[in-house]
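Here the structure is laid out as structure tokens; the discussion comes afterwards.
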Amino acid sequence: MNPPRDTRIDSRLDERLASLTGALQQQIKPDGTLWDPQQGKSSPVDHYAQISTALALYLRQPADPLVRRLIEHWLAQTSDQRGHAPFNRFLLLLLRETWHNHDEARSAIDASLITESLSRCPLARRYPSNNWTLLAQLCRIMEATSKKQRAQATGELGRMLDRWTMPAGGFVDFPGHAASPGSATPMAYHHKALFVTTMALHYTRSSRLMGHLQRLHEWVLLCWDGQTHVGGFGRSTHSLFGDACLLASLILSGCDKQQPSQSTGSQMITGILKRWSGQCRDDDLLALNPAGQQGWDSYMYLSVYNAWTAAIVGWARHVATSDAQPVINTQALEATPAFRQDADAGLLRIGTDAGLVALLSTRGQRPQGFSRDAVELRYAGGVPFHVARRDQLLCPASTRIKATRLLAQPALAGWTPVFLIDGILCGLTEYTHVQIEETDAAYRITLAGSPLPLLRPADSTAWQRLKAAIDWRFLDGALGRRAVLQRRPARQVQARLVISLSRHKPELIHELTLEPIATGRVRYLNPAGHALIANALPRTRELESSSRDKTRTTDAAFHDTTLDSAIPGASGYCLAEQTIGEEGYRHRLVLQW
């Protein structure tokens with residue numbers, strides 16, 4: 001006998017989808033243009049909002065003439081204007097499948113329109129991000145016309161997941177070669193890999209993919225604070241895009257049919273929907289992250305991510321309510337241990353007896369963006385990137401910052417120590433030594449490493465400028481992205497960082513020691529840097545720091561600034577800049593809530 005389903009989850013999902021789809025419908029102009037109210041202009045045609053919205057509307061009302069207008073407006077663009085081919089092709093395939101299951105006489109679209117649209121978004125073999133390549137391969141599985149062709153396409157997806165997942169299950173979005181310690185595992189795109197794998201198993205049965213799905217599901221527990229947030233690390237931090245991929249995956253896995261008291265997956269669904277209530281705008285669209293209008297990446301658009309959410313979550317609900325059994329059955333999300341880690345990804349989740357849940361990065365990862373003018377700290381090691389106590393957030397996600405702003409306001413770096421070393425901007429973002437200890441009193445994470453350059457050097461020679469031009473014109477920036485893999489650490493200083501979390505009280509201790517080991521001018525820009533939530537500051541904040549053999553304790557000398565974090569109310573703190581002499585530097589920061 002099946003357990004009783006929680007009809008409250010059903011109603012909340014359907015109410016949110018109805019509200020979101022209705023809000024998108026209000027943004028459609030008579031000619032089929034989708035408006036982006038955040039931009040104050042039409043949604044970018046090189047993305048996938050038009051086709052996403054068409055699918056979302058079709059799922060609710062197949063005869064709606066706006067569906068055809070949206071597609072025809074997209075078709076009217078030139079091939080140079082259209083982009084994101086794997087996304088649009090995937091959505092069109094879902095639309096075609098849904099159209100096949102409807103009464104064609106009552107449909108606003110026909111086979112020729114879908115066929116023509118599919119011809120306008122051909123697939124490439126590889127893309128700059130591994131998640132794009134996965135989505136393209138899913139399209140090949142969906143379009144396979146024979147068992148042999150589908151088996152071959154499924155096998156290739158399995159090989160991709162073999163190559164791009166950590167042993168513990170984390171999806172590697174960058175680089176494209178085989179996963180290794182320090183590869184980038186942004187949580188939003190792990191959720192997308194989970195969605196792609198779940199979708200693939202809707203079309204094919206593969207024990208190999210099922211094994212990957214189980215590990216991908218288990219890894220999600222590293223991202224969850226036990227309440228409303230499932231993410232916080234890497235690009236697209238806490239984004240609506242990642243939320244939608246995770247939510248659709250959980251629905252397709254049957255978690256919407258389970259009682260929250262019995263299922264971690266249904267608890268995640270309930271938590272996300274609760275958070276979305278706080279992200280709902282006056283026009284019923286959803287803000288792209290919990291902070292609303294900050295903490296966005298440059299490729300994020302309100303119309304695009306809202307349309308994607310309505311389309312894929314709507315399709316998942318359509319399938320889940322049509323089928324007697326979920327697409328996939330998984331028991332992976334039934335337990336949440338107090339301590340969980342992916343040592344290769346350098347990610348750690350700790351739950352304490354005091355009700356504290358801390359998501360931490362240890363070794364750090366290679367960032368996907370290595371710019372000449374912006375500093376990427378969302379992959380940095382040695383950072384408590386999401387700390388919560390019950391439903392109160394205490395530490396926010398890290399950020400990406402313009403270098404000029406960081407130099408003017410070093411508190412923007414949050415927890416990551418940043419330096420000017422012989423004039424080069426560097427940061428403690430990756431560590432070569434990681435040790436984790438558990439005692440009866442505390443969890444203790446010890447890290448050691450040296451600062452790395454935070455900016456890509458300018459091209460100073462004619463050959464470098466020519467290579468950069470070739471890279472931009474013909475290689476889609478591949479050489480520039482690989483430059484982050486070739487950074488050399490600054491040897492002028494060695495760092496030792498210890499982060500301790502008490503098991504029995506809501507306390508975090510951050511201890512940093514800097515030891516000069518070579519000649520050079522080292523300016524520590526943000527001594528004792530840390531990041532907190534302004535309306536949930538610790539009741540105790542004690543700092544002991546030593547420099548030039550002197551020790552002082554202070555709780556009021558911090559510079560503070562508002563962080564451009566995906567979490568609202570995020571603030572960064574640090575002391576005034578110090579030059580690190582031969583005697584070195586040490587601090588011990590104690591935070592107790």
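The values are calculated or read from the model by the stated rules, or taken from the named source; none is laboratory data. In this text, all values refer to a predicted model and were calculated from it rather than measured experimentally. Every residue, glycine as well, gets a Cβ built from its backbone with ideal geometry; the counts of neighbours run over all protein chains shown. Quick note on the areas: whole protein, heavy atoms, side chains included, nothing else; ligands and nucleic acids left out. Shrake-Rupley method; radii C 1.70, N 1.55, O 1.52, S 1.80 Å.
Couple of notes before you dig in:
- Directionally averaged shadow of the chain, computed from the convex hull of its alpha-carbon atoms, nm²: 27.5
- Alpha-carbon centroid distance for the pair segment 165-187 / segment 404-454, whole angstrom: 21
- Rounded to the nearest 10 Å², the accessible area of ASP422 at probe 1.4 Å: 90
- Only the Cβ atoms of Lys and Arg (+1) and of Asp and Glu (-1) were treated as charged; on that basis the dipole of the chain about its Cα centre amounts to roughly 1060 debye.
- Gyration tensor (alpha-carbon) shape descriptor, segment 24-105, a/c threshold 1.5: oblate
- Mean projected area (nm²) of the alpha-carbon convex hull when segment 339-592 is viewed from all directions: 14.1
- When the chymotrypsin sites (Phe, Trp or Tyr not before Pro) in segment 274-318 are filtered for DSSP coil states and for at most 13 other beta-carbon atoms within 10 Å of their beta-carbon, the remaining sites are TYR299.
- Gain upon complete extension [PHE339, HIS102; 0.36 nm per residue less C-alpha separation]: 80.5 nm
- Segment 164-239: trypsin sites (Lys or Arg not before Pro) in DSSP coil with no more than 12 other Cβ atoms inside 10 Å: ARG205
- Shape of segment 267-417, Cα gyration tensor, a/c cut at 1.5: oblate
- Rough spin-label spacing in nm, given labels placed 7 Å along Cα→Cβ, for ASP422 and MET210: 5.8
- Pairwise FRET efficiency - GLN435 versus ASP284, Cβ, R0 = 30 Å, nearest 0.05: 0.05
- P(r) of segment 202-354 over all Cα-Cα pairs, binned every 10 Å from zero, in whole percent: 10, 38, 37, 15, 1
- Fully extending the segment from SER11 to GLN152, taken as 0.36 nm per residue of separation minus the present Cα-Cα distance, adds 46.8 nm.
- Helical mean residue ellipticity (222 nm; -39500 (n - 2.57) per DSSP H run of 4+; nearest 500) of the chain: -11000 deg cm²/dmol
- Length released on extending from GLN61 to ALA483, taking residue separation times 0.36 nm less the Cα-Cα span: 147.0 nm
- Look at the dipole of the chain built from charges on Cβ: of ASN526, LEU288, GLY22, the Cα furthest out on the positive end belongs to ASN526.
- Toward the positive end of the charge dipole of the chain, with +1 on the Cβ of Lys and Arg and -1 on the Cβ of Asp and Glu, the farthest Cα among ILE424, ALA343, ALA536 is that of ILE424.
- Measuring r between the beta carbons of SER371 and ALA518 and using R0 = 22 Å, the FRET efficiency lands at 0.20.
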